[in-house]
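Values quoted throughout were computed directly from the atomic coordinates according to the rules given, and no laboratory measurement underlies them. From a predicted model like this one, the values you see are computed outputs, not experimental measurements. As a convention, Cβ positions derive from the backbone with ideal geometry for all residues, glycine included, and neighbour counts pool all protein chains shown.
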């Protein structure tokens, strides 16, 4: 018998593809549901959009994790995410250092995923609403606030570095 598949395969181009999808969806959410001519008479579009965003960000997190486990990412702990991700447990409310792996873990294990929109009447210029993931680990509630846009840009920059070194 010949082997057809040997392990999960998520090459770096797949990670890039998912980054682009998540980046676009994050930008679209800021525009479509807070500053567009779409009147959202029915909530059907919002529900479909939520499914699309959720499945895309989960796919990205899983794809990154697979590459971590297969040692395709080197020195990933050195990637600074302080500009795009803030993590804290509810017991001490102090921001903790977080890595790309940690972000992926939190996305995968979150119980809740939120993103709000500023009212159309409130003109804040380039200010964006971050997404929030909430969950529980060992009976401890935690929160991850993240700019999906800037997180995927950090991942894309990291991919450029490791592929340039290859």
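Among 150, 90, 23, which one shows the biggest mean-square fluctuation in a GNM of the chain, springs joining Cα atoms closer than 10 Å? Among 150, 90, 23, the largest GNM mean-square fluctuation belongs to 90.
When the convex hull of the C-alpha atoms of the stretch 12-165 is computed, what volume per residue in Å³ does it have? Show your work: numbers first, answer last.
Working: hull volume 20.0 nm³, N = 154.
Roughly 130 Å³ of hull volume per residue.
With runs of 4+ DSSP H residues as the only contributors, calculate the mean residue ellipticity of the chain at 222 nm using -39,500 (n - 2.57) per run, divided by the residue total and rounded to the nearest 500. Show your work: numbers first, answer last.
Values: 4 runs with 75 residues, N = 166.
Only helices count here, giving -15500 deg cm²/dmol.
On the basis of the beta-carbon distance and an R0 of 30 Å, residue 160 and residue 88 show a calculated FRET efficiency of 0.50.
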